[in-house]
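Values quoted throughout were computed directly from the atomic coordinates according to the rules given, and no laboratory measurement underlies them. As the structure is a prediction and not an experimental result, all values here were calculated from the model. Glycine also receives a Cβ, built like all others from the backbone with ideal geometry; neighbour counts cover every protein chain displayed.
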Amino acid sequence: MSMAAAPVPLKRHSYPVWLSAFALAVLGALAYSLMLAEPYLDVYLSLQRAEAAYERGDRAMAEAQYTEVLTAFPSSERGHIGIAIVLLSHASEAKQLAGFNHLTGIKLNNSDYQRILKVIPEKYRGNFRSVKK
Amino acid sequence: MIVLPGFLIAILTFPGIIVHEAAHRFFCDIARVPVYEVCYFRINGPQGYVIHGPTDRLGAHFLISIGPLIVNSLLCAVLCFVPLVAFKLDVSQTPAVFIFLLWLGVSIGMHAFPSTQDVQSFSAAVKRGSGRSPLLLIAKLFQIVVVVANALRVIWFDLIYAVALAHVPLLLLAGTVQ
């Protein structure tokens with residue numbers, strides 16, 4: 001006659017130390033993400049509002065929302081390109097110049113360059129040069 | 001299409017496997033279902049598994065089988081949110097920690113889907129518990145989705161799912177803006 005021992009269940013909620021450390025690390029990453037989420041959420045919404053406002057022709061709203069994006073993240077290229085397009089499509093020369101200045105030092109991909117070409121006044125067109133990104 | 005051996009994918013996405021199996025184990029403990037053996041991560045063979053005792057409670061089956069899908073999916077969506085917004089803003093000098101968060105989130109999301117065995121046992125439990133009810137139909141449909149999803153892993157469905165899931169919060173937010 002052969003006998004087999006009944007399997008012994010593991011102790012409930014008893015986890016290896018390395019797993020607890022791993023769980024802490026993941027929870028830490030989660031907490032860090034949640035801490036950062038609010039400002040990024042606000043800026044992302046501003047960006048979406050800016051793009052939606054520009055699409056429907058509300059340039060004042062678009063400019064204000066892009067300004068909020070750039071206040072929070074001054075190095076945001078998407079913010080600079082967006083506000084540049086808004087300002088370059090303005091009738092005021094001062095706004096156009098301000099818009100052009102937002103593009104200084106930015107390497108544009110072809111898609112963004114084509115968007116800019118649609119609105120940029122003739123006198124600024126010669127100020128771009130091809131570079132390797 | 002890039003083809004990578006399973007062990008390499010397992011190594012690259014090991015946090016997702018550990019979270020998936022830990023969630024199985026945790027929900028077994030919560031549901032007071034005995035666990036006999038656990039492997040949280042290994043490179044060869046099944047990359048992780050939890051051997052647990054039977055239960056006739058549908059709620060317990062749901063927690064154990066579907067819990068990891070919910071946990072892994074939520075973690076993926078939350079962890080990827082900030083890095084994805086930063087990339088959308090095209091901020092210069094994105095912090096390296098954002099790359100880490102994105103890798104962690106996508107790794108966890110890639111292992112969200114239950115195994116075919118998990119959903120088969122869930123469907124069987126629904127059948128035993130409620131017979132031919134609308135719940136059984138839903139469980140069976142879900143089983144088909146999971147079987148197809150697991151089969152499509154060869155064409156990176158797990159990665160596609162994780163990337164799509166990571167974008168869900170951004171799409172939902174964009175949808176709220178008029």
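When B:PHE142 is tested against the conditions (1) closer than 20 Å to A:ALA29 by Cβ; (2) among the aromatic types (Phe, Trp, Tyr); (3) out of contact with any Pro (no Cβ under 8 Å at 6 or more places or on another chain), the lone failure is (1). Only one entry of B:VAL33, B:VAL50, B:VAL78, B:VAL38 meets the criterion of being of a type in the set (A, V, I, L, M), assigned to a loop (DSSP other than H, G, I, E, B) and within 13 Å of chain A (Cβ to nearest Cβ), and that entry is B:VAL33. A single member of A:TYR66, A:TYR54, A:TYR113 is surrounded by 11 or more Cβ atoms within 10 Å (Cβ to Cβ), touching a residue at least 12 places away in the same chain (Cβ under 8 Å) and out of contact with any helix residue (DSSP H, G or I) (no Cβ under 8 Å at 6 or more places or on another chain), and it is A:TYR113. Among the residues making up segment A:1-20, those that are more than 7 Å from chain B (Cβ to nearest Cβ), surrounded by 10 or more Cβ atoms within 10 Å (Cβ to Cβ) and assigned to a helix (DSSP H, G or I) are A:TRP18, A:SER20.
Restricting to segment A:21-33, name every residue that is facing chain B (nearest Cβ under 7 Å) and either under 30 Å from A:THR71 (Cα atoms) or of a type in the set (Phe, Trp, Tyr) (or both). Correct list: A:PHE22, A:ALA29, A:LEU30, A:SER33.
Anything in segment A:21-40 that is crowded, with 16+ Cβ neighbours inside 10 Å, of a type in the set (A, V, I, L, M) and closer than 30 Å to A:ARG78 by Cα? List them, or say none. Scanning segment A:21-40 gives A:ALA29, A:LEU30, A:LEU36, A:ALA37. Quick check on B:LEU170: is it assigned to a helix (DSSP H, G or I) and either within 14 Å of chain A (Cβ to nearest Cβ) or touching a residue at least 24 places away in the same chain (Cβ under 8 Å) (or both)? It is true that B:LEU170 is assigned to a helix (DSSP H, G or I) and either within 14 Å of chain A (Cβ to nearest Cβ) or touching a residue at least 24 places away in the same chain (Cβ under 8 Å) (or both). Of everything in segment A:45-80 that's within 9 Å of chain B (Cβ to nearest Cβ) and among the acidic types (Asp, Glu), which residue is nearest to the chain's Cα centre (by Cα)? Only one residue tops the list, namely A:GLU77. Within segment A:82-101, at least one residue is buried (at least 20 other Cβ atoms within 10 Å of the Cβ) and within 11 Å of chain B (Cβ to nearest Cβ). The set of residues in segment B:72-106 that are polar (S, T, N, Q) and either surrounded by 24 or more Cβ atoms within 10 Å (Cβ to Cβ) or over 27 Å from B:VAL154 (Cα atoms) (or both) comprises B:ASN72, B:SER92, B:GLN93, B:THR94. In segment A:33-81, which residue that is polar (S, T, N, Q) and part of a helix (DSSP H, G or I) is farthest from B:THR94 (Cα to Cα)? Going through the qualifying residues, I end up with A:GLN65.
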